[in-house]
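Have a look at the structure below, then the notes.
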Amino acid sequence: MFDFTEKIAVVTGGARGIGKCICEKMELCGARVCVIDREANDYFVGDLADPKTLEAFAQKVISEYGRVDFLINNAAPKSCGVTRGSYEDFENAWRVGVAAPFYLSKLFSPYFAPGACIVNISSSRDRMSQPETESYTAAKGGISALTHALAMSFAGRVRVNSISPGWIDTKGISYSGADALQQPVGRVGEPSDIAYAVLYLCSEMAGFITGENICIDGGMTRQMIYHEDCGWELNRR
């Protein structure tokens with residue numbers, strides 16, 4: 001369905017999980033994929049919290065290909081809470097989750113090809129939270145807002161959208177019972193659920209979409225739950 005032959009796709013955090021699945025799907029569609037991740041991969045190993053590393057990565061991509069068609073900002077920030085998280089923990093999450101996508105967008109700005117796209121991977125936590133997740137939630141809220149700001153700055157040149165995944169199983173676990181049934185679609189998400197949406201947003205089929213956030217969470221954030229509704233009970237200690 002998608003032909004990305006000879007397109008250049010940059011994927012952050014592409015060594016595992018959702019990012020790895022995005023890379024695999026992009027390659028199946030013919031794209032040449034440039035990964036940056038702290039974990040081992042075939043292209044570039046480095047810390048996205050370090051601006052010098054981002055500059056070296058961008059220079060490598062441009063020196064080899066001269067352009068970027070797709071920038072997928074997927075790398076996950078660290079999660080820490082208000083009780084035990086330090087200033088440095090929170091700052092690191094912000095640097096990885098928001099500053100790095102901003103800076104890579106800036107570094108690649110002169111080199112985006114006609115019809116280029118940026119897709120930022122946010123999270124359904126940009127609109128809902130659990131206790132002690134402040135750094136991750138703030139970073140994901142930040143990248144969702146960054147998305148529509150970049151869409152306006154790049155108007156007419158680059159389409160910019162974001163995806164907010166819900167519960168996505170990245171370990172190949174088969175969930176059943178309450179874990180699956182609490183999702184309105186009846187199952188936990190898979191990395192391919194997000195990867196296929198990325199492919200769509202990068203394709204000409206999505207040519208009229210920019211500045212948008214798509215929440216892919218099996219309907220969880222739309223499900224209203226009250227005490228004793230659907231078998232749920234509040235047990236606050």
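Odds and ends about this structure:
- Screening A195 with (1) within 27 Å of E24 (Cα to Cα); (2) small (G, A, S); (3) outside any helix (DSSP H, G or I) gives one miss only, at (3).
- Filter result (of a type in the set (G, A, S) and in contact with a helix residue (DSSP H, G or I) (Cβ under 8 Å, 6 or more places away or on another chain)) within the stretch 189-222: S192, A195, A206, G211
- Cβ-Cβ distances below 6 Å connect the following pairs, each with a first residue in the stretch 1-18 that is outside any helix (DSSP H, G or I), a second residue that is acidic (D, E), and a separation of six or more residues or different chains: K7/D69; I8/D69; G13/D37; G14/D37; A15/D37; A15/E39.
- Residue count for the stretch 130-188 under the criterion of being over 30 Å from R67 (Cβ atoms) and either in contact with a helix residue (DSSP H, G or I) (Cβ under 7 Å, 6 or more places away or on another chain) or not β-branched (V, I, T) (or both): the result is 31.
- Selection from the stretch 22-63 of residues that are more than 19 Å from P101 (Cα to Cα), assigned to a helix (DSSP H, G or I) and touching a residue at least 24 places away in the same chain (Cβ under 8 Å): E24, K25, M26
- Any hit, the stretch 126-139, residues being of a type in the set (A, V, I, L, M, F, W, C), within 24 Å of R38 (Cα to Cα) and surrounded by fewer than 21 Cβ atoms within 10 Å (Cβ to Cβ): yes
- The set of residues in the stretch 1-49 that are hydrophobic (A, V, I, L, M, F, W, C) and in contact with a Phe, Trp or Tyr (Cβ under 6 Å, 6 or more places away or on another chain) comprises I8, A9, C29, A31, C34, V35, I36, F44.
Where a number appears in this text, it was derived from the coordinates with a stated rule and is not lab data. Treat the numbers as computed from the prediction; the structure is a model and nothing was measured. Glycine gets a Cβ as well: all are built from the backbone with ideal geometry, and neighbour counts include every protein chain shown.
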